[in-house]
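Reading through the structure tokens given below for one structure.
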Amino acid sequence: MIWKRLRLTLDMIKFEHSIFALPFALTGALLGWRDFGAYTGRYDLGLGGWQFLSKLLWIVVAMVGARSAAMAFNRLVDADIDARNPRTKTRHLPAGLVSRGFGWGFVVAATAVFFLAAGELNRLCLQLAPVALAIVFFYSFTKRFTSFSHLVLGFSLGMAPAAAWIAVRGSLDPRILWLTAAVTLWTGGFDVIYACQDYEFDGAELLCSIPRTVGIAAALRIAQALHFAMLACLLALAYSLHLGVLALAGVAAVAALLIYEHSLVKPNDLSRVNAAFFTMNGWVSVLFFLFWAADILLFRPGI
């Protein structure tokens with residue numbers, strides 16, 4: 001019985017969508033690894049190869065734990081709102097498929113996994129873990145009072161590459177914040193698109209969102225502007241860390257995917273929002289990682 005409830009809970013939080021931010025976190029880790037090697041000529045961070053792979057594994061565990069806790073928390077906080085929304089009333093909590101008690105237990109368990117992983121990474125990661133968790137939990141309340149909730153969600157994911165850099169290097173380098181900004185803008189942009197589906201419901205419930213504030217057509221233009229700014233941040237990051245042609249090709253691939261994503265959604269036709277939100281953004285994160293990981297691994301300074 002408990003396994004069935006766990007399976008339903010993982011489905012409720014869309015566990016498979018951890019892929020959205022995870023590639024950016026791994027990119028942050030690889031950039032920290034590359035930067036260490038550029039200054040020292042050593043690409044093992046003072047560790048053997050298996051130990052570094054272990055560090056990457058703990059980064060993945062921390063990411064999945066934090067996202068799982070945050071998503072379950074969000075579903076619990078929004079359960080009453082979801083029950084009133086025709087689009088979301090069949091979700092697991094409103095439909096009674098998962099109990100609130102089990103949901104809160106899952107939040108506690110996922111939080112424990114996150115803190116365990118943070119502790120395994122280094123002391124600074126563990127010290128910052130409560131701050132990171134507070135931010136991702138805080139997002140769940142923001143649509144009740146600010147239209148900038150989309151960017152709060154973006155920052156919740158955008159912290160991941162900076163956190164991964166800290167996990168690898170033990171300190172924060174301001175240059176990695178270009179990637180934090182890029183992920184923040186990317187996530188904020190596609191969340192604005194997704195929120196267009198609830199334009200009428202948000203207005204009736206007095207919930208805050210960019211589509212409700214400026215209308216669907218203007219909101220889609222804002223999403224385009226956010227994604228354009230994301231590309232600028234990626235170029236700034238590539239320049240500041242002296243990355244090569246493959247990284248630039250990755251930015252071009254991301255740009256092409258985002259152009260296609262925006263072509264799927266029109267102010268008077270939101271029928272393909274799910275394709276734009278889930279499928280295209282999954283490809284954005286994966287292709288970005290493949291191009292940038294190849295650049296990092298193939299063109300290392302001093303090699």
Hey, can you tell me all the residues within segment 221-230 that are over 16 Å from the mean Cα position of the chain (by Cα) and farther than 12 Å from ILE193 by Cβ? ALA225, PHE228, ALA229
Condition check: modelled with pLDDT of 95 or more and in contact with a Phe, Trp or Tyr (Cβ under 7 Å, 6 or more places away or on another chain). Does THR184 satisfy that? yes
When (1) under 30 Å from GLN224 (Cα atoms); (2) modelled with pLDDT under 95 are applied to ARG100, the one that fails is (1)
Check whether at least one residue in segment 141-158 is farther than 24 Å from ARG221 by Cα and not hydroxyl-bearing (Ser, Thr, Tyr), and report yes or no. yes
Selected residue (only one of VAL183, VAL192, VAL273, VAL265 is among the hydrophobic types (A, V, I, L, M, F, W, C) and within 26 Å of VAL60 (Cβ to Cβ)): VAL183
Quick check on my filter: what residues within segment 203-220 are β-branched (Val, Ile, Thr), more than 23 Å from the chain's Cα centre (by Cα) and crowded, with 17+ Cβ neighbours inside 10 Å? ILE216
Scan (1) more than 21 Å from ALA182 (Cα to Cα); (2) not in a loop (DSSP other than H, G, I, E, B) for the single condition PRO94 breaks and write down its number. (2)
Which ones in segment 264-276 are surrounded by fewer than 16 Cβ atoms within 10 Å (Cβ to Cβ) and among the hydrophobic types (A, V, I, L, M, F, W, C)? ALA275
Give the residue, chosen from GLU261, GLU200, that is surrounded by 15 or more Cβ atoms within 10 Å (Cβ to Cβ) and not basic (Lys, Arg). GLU261
So is PHE190 aromatic (Phe, Trp, Tyr) and at pLDDT 95 or above or not? no
If I ask for residues that are surrounded by fewer than 19 Cβ atoms within 10 Å (Cβ to Cβ) and small (Gly, Ala, Ser), which ones from segment 104-157 would you list? GLY105, ALA109, ALA112, GLY119, ALA134
Cβ contacts < 9 Å: first residue part of a loop (DSSP other than H, G, I, E, B), restricted to segment 252-281; second residue polar (S, T, N, Q) and surrounded by 17 or more Cβ atoms within 10 Å (Cβ to Cβ), any location; separation 6+ or different chain. Result? LEU270/GLN197
Out of LEU243, LEU235, I need the residue that is more than 28 Å from ILE81 (Cβ to Cβ), outside any helix (DSSP H, G or I) and in contact with a Leu (Cβ under 9 Å, 6 or more places away or on another chain). Which one? LEU243
Going through segment 67-81 in order, the residues found to be within 13 Å of the chain's Cα centre (by Cα) and either buried (at least 24 other Cβ atoms within 10 Å of the Cβ) or aliphatic (A, V, I, L, M) (or both) are ARG67, ALA70, MET71
Residues located in segment 114-167, provided they are part of a helix (DSSP H, G or I), of a type in the set (S, T, N, Q) and in contact (Cβ under 8 Å) with a residue 40 or more places away in the chain: SER140, THR142, SER149, SER156
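The values are calculated or read from the model by the stated rules, or taken from the named source; none is laboratory data. As the structure is a computational prediction, the values presented were derived from the model and not from experiment. Glycine also receives a Cβ, built like all others from the backbone with ideal geometry; neighbour counts cover every protein chain displayed.
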